[in-house]
Amino acid sequence: MKITLNGSSYEIDGPVSLEGLLHHIELEGKPVVIELNEVAVFQRDYATTAVEEGARIEVVTLAAGG
């Protein structure tokens, strides 16, 4: 299925949850914030939130520094 991930066209085999997408892009278990179709999704909902054809997803990684 085709989605838009961080502003770029991206293809992934579906069906997949947001948690599955994070695994696919190697960010599973990392501190991230996800916006699905311009709506923020709680981390507790990643496993049950389906990614659908044409979805617009923004994944922001969090980093600490000094």
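The values are calculated or read from the model by the stated rules, or taken from the named source; none is laboratory data. Note that the structure is predicted; figures quoted are calculated from it, not measured. Positions of Cβ are generated from backbone atoms using ideal geometry, with glycine treated the same way; all protein chains shown enter the neighbour counts.
I need the full set of residues from region 46-66 which are modelled with pLDDT of 95 or more and farther than 14 Å from residue 5 by Cα, in order please.
46, 47, 48, 49, 50
Of all residues in region 34-45, which are outside any loop (DSSP other than H, G, I, E, B) and either closer than 17 Å to residue 2 by Cα or touching a Gly at 6+ places or on another chain (Cβ under 9 Å) (or both)?
Scanning region 34-45 gives 35, 36.
Could you please let me know if residue 29 is at pLDDT below 95 and at positive phi?
It is true that residue 29 is at pLDDT below 95 and at positive phi.
Pull up region 1-33, narrow it to residues that are in contact with a helix residue (DSSP H, G or I) (Cβ under 6 Å, 6 or more places away or on another chain) and either assigned to a strand (DSSP E or B) or without any contact (Cβ under 8 Å) to a residue 12 or more places away in the chain (or both), then point me to the one that is farthest from residue 64 (Cα to Cα).
17
One residue is enough: does region 11-26 have a residue meeting the conditions touching an Asp or Glu at 6+ places or on another chain (Cβ under 9 Å), of a type in the set (Val, Ile, Thr) and modelled with pLDDT of 95 or more?
So far as region 11-26 goes, no, none of its residues is touching an Asp or Glu at 6+ places or on another chain (Cβ under 9 Å), of a type in the set (Val, Ile, Thr) and modelled with pLDDT of 95 or more.
Residues in region 2-23: is at least one exposed (fewer than 12 other Cβ atoms within 10 Å of the Cβ), of a type outside the set (Val, Ile, Thr) and in contact with a Lys or Arg (Cβ under 6 Å, 6 or more places away or on another chain)?
Yes, some residue in region 2-23 is exposed (fewer than 12 other Cβ atoms within 10 Å of the Cβ), of a type outside the set (Val, Ile, Thr) and in contact with a Lys or Arg (Cβ under 6 Å, 6 or more places away or on another chain).
Filter region 45-65 for residues that are more than 14 Å from residue 22 (Cβ to Cβ) and out of contact with any Ser or Thr (no Cβ under 9 Å at 6 or more places or on another chain); which is surrounded by the most Cβ atoms within 10 Å (Cβ to Cβ)?
52
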